[in-house]
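Take a look at the structure set out below.
Computed from the coordinates by the stated procedures, all read-outs in this text should not be read as laboratory data. Since the model is a prediction, treat every value here as computed from it, not as a measurement. We place every Cβ from the backbone using ideal geometry, glycine too, and count neighbours over all the protein chains shown.
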Amino acid sequence: MGKYFGTDGFRGEANVGLTVDHAFKIGRFIGSHFGREGNKCRVVIGKDTRRSSYMYEAALTAGLTSSGADVYLLHVTTTPSVSYITRIDDFDCGIMISASHNPYWDNGIKLLNANGEKMEEEVLLEIEKYIDGETGELPYAMRADIGRTVDYSAGRNRYIGYLISLATHSYKGKKVGLDCANGSTWMIAKSVFDALGADTYVINNTPNGLNINLNCGSTHIEGLQRLVVGNGLDVGFAFDGDADRCLAVDEKGRLIDGDLILYIYGRHMHERGKLEGSKVVTTVMSNIGLYKAFEAAGIGFEVTDVGDKYVWENMRRTGNRLGGEQSGHIIFGKYATTGDGVLTAIKIMQAMLDKKLPLSALAEPVTIYPQVLKNVRVADKDAVLNDLDVREAEHMAKEKLGSNGRVLLRKSGTEPLIRVMAEAPTESECNGAIDMIVKAMEKKGYIQDV
């Protein structure tokens, strides 16, 4: 992980951690890097609904065109749509402007390679060197070599058509709730589900630049739960700001998180012979209950670090066809190279309609262990993880839980946080294990007050 780019791009508070100058320089480098040897660099850009996204779009465009690149603007769209269009339309690079589930004052720049995958680490490190002035200045394009800007909203519409084409059933007669998080899906999700015949009930689809993820979307599932139960809906889907993740709510109002989605569709693929010997890829944050359910169903699994980047790397290397995270980043390797919230919703609908069962019945075989996660704000994440006293507290907590639980410490890739997670038969046991570790961190003076 570099100085600026974490597991999910360059992210920070707008014009504080991530400035408009950063965006301009990223554009300058990308346009020059992919425009070498006579190649006319082509870059596609999408953005979410944050107020600052328009500013970054302009800065990136200025940097790219001044380095000779042609820029194609998808405007407000989803991260997976940028990935899809980058891949099928032979762009050299895709850029998504979004801080995903973060509040509106944060923003981020996600770079995708020509395959629609997260940009290679070596390119990101070169960009960081250029930002810090460690490499020479890049030449500006002159005269006819200056890049142009193209309205490419048609690309977004083609992505919507692609999603609709993947559905195997009509949704006629199905009542579906959608929480668009006042983000990238505010028009896209309803368009897809309406086209497929569903009776759609949509909330949080009035973005104003300041309300993205505000008490809504996949990080605040309670609003969708009320919508589903209050209106007697068959199912509900909640997206985050850039729609690369999806969480669901069953007809009873129960949360169906990424672990349960992986089980539901992993088992559906397994029963139809579609896994073909491959395994479901999970992360270290997945619940013990998921693994026990996989074992009972005869489904193999693999475990990676947290981040859909690492999930996809495993899938690409091994040929595994399904993977994801508890947070709702689900990758269907046959159709996408990144998490796609709307695609995930379509696949959940397919499992329900194929099996003629409600979502609650599909998730029933999984017994989820209580899992408690505490985010601790610290000044130096690496110092905490390398501290012997903190590690000793972690070891003691693990010993106390034994084989019926686990503890995990990891640093956030996008925020100044240490995430302390515990899993055990009871919530009180989880809290006890976490408190033991957090007290050790507090005693050493690592914790910052917010």
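Amide H contacts under 5 Å for Val202: Leu178, restricted to partners 5 or more places along the chain or on a different chain, H placed in the peptide plane at 1.01 Å from N. Computed from backbone phi, the HN-Hα couplings of the range 194-204 come to 5, 4, 8, x, 6, 8, 9, 10, 10, 10, 6 Hz, rounded to whole numbers (Karplus: 6.51 cos²θ - 1.76 cosθ + 1.60, θ = phi - 60°; Gly and Pro given as x). Taking the inverse of the mean reciprocal distance over all distinct Cα pairs, the Kirkwood hydrodynamic radius of the range 371-443 comes to 12.1 Å.
D for the range 167-363, whole µm²/s, Stokes-Einstein with Kirkwood Rh over alpha-carbon pairs at 37 °C and 0.692 mPa s: what number? Here the translational diffusion coefficient equals 199 µm²/s. 3J(HN,Hα) along the range 273-285: x, 8, 6, 6, x, 7, 10, 7, 9, 10, 10, 5, 8 Hz, from the Karplus curve 6.51 cos²θ - 1.76 cosθ + 1.60 with θ = phi - 60°, whole Hz, x for Gly and Pro. Sorting the segments 302-313, 286-297, 255-266 by their mean number of nearby beta carbons within 10 angstrom, highest to lowest, gives 255-266, 302-313, 286-297.
Just the projected area, averaged over all directions, of the convex hull on the alpha carbon atoms of the chain: how many nm²?
Numbers: hull surface 86.1 nm².
The Cα convex hull of the chain, projected and averaged over all directions, gives 21.5 nm².
Report the residues of the range 57-87 in range of a label on Leu166: point 7 Å along Cα→C-beta, backbone N strictly under 16 Å from it. So the set is 78-87. Once you list every other residue whose beta carbon is under 14 Å from the beta carbon of Arg50, what net charge do they have if Lys and Arg are +1 and Asp and Glu are -1? It works out to a net charge of -2. Each of Ser184, Ser412, Ser428 was scored by other Cβ atoms within 10 Å of its Cβ. Listed from fewest to most, they are Ser428, Ser412, Ser184. For the pair Glu13 and Lys252, the difference between a 0.36 nm per residue extended length and the Cα-Cα distance amounts to 82.3 nm. When each of the peptides 239-245, 37-43 is scored by how many other beta carbons lie within 10 Å of its residues on average, the order from highest to lowest is 239-245, 37-43. Here, the range 199-240 is characterised by an Rg to Rh ratio of 0.97, where Rg is the alpha-carbon radius of gyration and Rh the Kirkwood radius. Rounded to the nearest Hz, the phi-derived 3J(HN,Hα) couplings of the range 380-392 under the Karplus curve 6.51 cos²θ - 1.76 cosθ + 1.60 (θ = phi - 60°) are 9, 5, 5, 4, 5, 5, 9, 6, 5, 5, 5, 5, 5, where x marks glycine and proline.
With the highest mean first, a sort of the peptides 88-100, 219-231 on other beta-carbon atoms found within 10 angstrom per residue produces 88-100, 219-231.
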